[in-house]
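Engineer: Before we start, here is the structure in question, set down as structure tokens.
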Amino acid sequence: MNAKDKIENRMTSTQTMLCIGLDPDISLMPQKFGKSRKPLFTFCRLVIDTTYESAAAFKINTAFFEKYGTDGIGELKQTCDYLRKKFPTIPLLLDAKRADIRSTNLGYVSFVYDYLNADGVTLHPYLGSEALKPFLDRKDKAAIILCRTSNQGSGEFQDLRVKSKGKTFPLYEIVAQTVVSKWNRNGNCLLVVGATYPSELKKVRSIVGDMTLLVPGIGAQGGEIKKVVRAGLNSKKSGLLINIGRAILYKGSAEEIGLAARQCRAEINLYV
Ligand code: OMP
């Protein structure tokens, strides 16, 4: 099954649009994890085991593992293997924000898809589709392309007005238009739009039809579930992977983490 179908199946079969962000930060975890031999893996395993019922997908951010060099990469691999083995029907998305020239991308593709066995990866659009071909050609995987990011300064480039066919549009709209009309030939593209920009999310939805959007920025970054769901649902009352990391991960005990995930999922469904 390809990644797009896997994501849609999971969302439909479990009635959830919650994506759990696995961003293991030792300074925010209960102290006992810091003393463990494999703190990142041990913490992620606990989060996976306590939240999987609420999860439409897990998004693993590699930065939190890369920070620890070879040990961190080992724990990243272990976390991916654990997820694939124990919950094979739950999509595993990698947040690594990759993109380079085409030949270099082949290395990234091997790391992400052959070594880690992920279902999709986040990508920068800046180098264009010619460079991203090794990702876009993978019909079985999801190419998750940054469109309008959640950070405060995202407008510096993404709001720049660009002329296209006699009209001007902000750059993020050009990205959305281009991805939906040209890059998505294999039906394997998703776009990233920050929860902190609900008006822009609404605009992107009007451009891309039913394409699934990955929406990070709820909670710790100030985004609100209600605004995201109202602005971003597609015509099937679906099409959102609402990513939440810190606002679930660092709630305390395993029970509290599980409860936080269930509450987020319920809040999302309240507005559908
Ligand atoms: P929390 O703010 O803790 O929920 O985590 C957000 C996660 O989403 C982090 O892993 C970010 O790197 C990621 N993210 C954003 O916060 N904003 C974006 O615009 C894009 C991403 C991403 O690509 O996932």
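Engineer: Looking for something touching a Lys or Arg at 6+ places or on another chain (Cβ under 9 Å), of a type in the set (A, V, I, L, M, F, W, C), within 13 Å of the ligand (Cβ to nearest atom) and more than 19 Å from residue 60 (Cα to Cα) - is there at least one such residue anywhere in the stretch 204-224?
Structural biologist: Narrowing the stretch 204-224 to residues touching a Lys or Arg at 6+ places or on another chain (Cβ under 9 Å): 204, 210-214, 216, 219-221.
If we keep only those that are of a type in the set (A, V, I, L, M, F, W, C) too, we end up with 204, 211, 213-214, 220.
Subsequent filtering for residues that are within 13 Å of the ligand (Cβ to nearest atom) retains 204, 213-214, 220.
The next check asks that each one be more than 19 Å from residue 60 (Cα to Cα); those that pass are 204.
Yes, the stretch 204-224 contains a residue that is touching a Lys or Arg at 6+ places or on another chain (Cβ under 9 Å), of a type in the set (A, V, I, L, M, F, W, C), within 13 Å of the ligand (Cβ to nearest atom) and more than 19 Å from residue 60 (Cα to Cα).
Engineer: For the stretch 234-255, how many residues are closer than 16 Å to residue 16 by Cα, among the hydroxyl-bearing types (Ser, Thr, Tyr) and near the ligand (Cβ under 10 Å from one of its atoms)?
Structural biologist: 0
Engineer: Residue under question is residue 231, and the condition is that it be among the small types (Gly, Ala, Ser), within 16 Å of the ligand (Cβ to nearest atom) and more than 17 Å from the chain's Cα centre (by Cα); does it hold? Before the answer, list the steps.
Structural biologist: Working: among the small types (Gly, Ala, Ser): yes; within 16 Å of the ligand (Cβ to nearest atom): yes; more than 17 Å from the chain's Cα centre (by Cα): yes.
In short, yes.
Engineer: Show me the helices (runs of 4 or more DSSP H) found entirely inside the stretch 24-100 where at least 3 residues are of a type outside the set (Gly, Ala, Ser) and in contact with a strand residue (DSSP E or B) (Cβ under 8 Å, 6 or more places away or on another chain). First the steps, then the outcome.
Structural biologist: Details: elements: 31-34, 39-51, 63-66, 69-86.
Per the criteria, 39-51, 69-86.
Engineer: Something else about it: Considering only residues that are within 20 Å of residue 130 (Cα to Cα), more than 15 Å from the ligand (Cβ to nearest atom) and either of a type in the set (S, T, N, Q) or in contact (Cβ under 8 Å) with a residue 40 or more places away in the chain (or both), which ones fall in the stretch 84-114?
Structural biologist: 103, 104, 105, 110, listed by residue number.
Values in this text are rule-based calculations from the coordinates and carry no lab data. Nothing here was measured: the structure is a model prediction, and the numbers come from that model. Quick reminder, even Gly has a Cβ in these numbers, built from the backbone with ideal geometry, and neighbours come from all protein chains shown.
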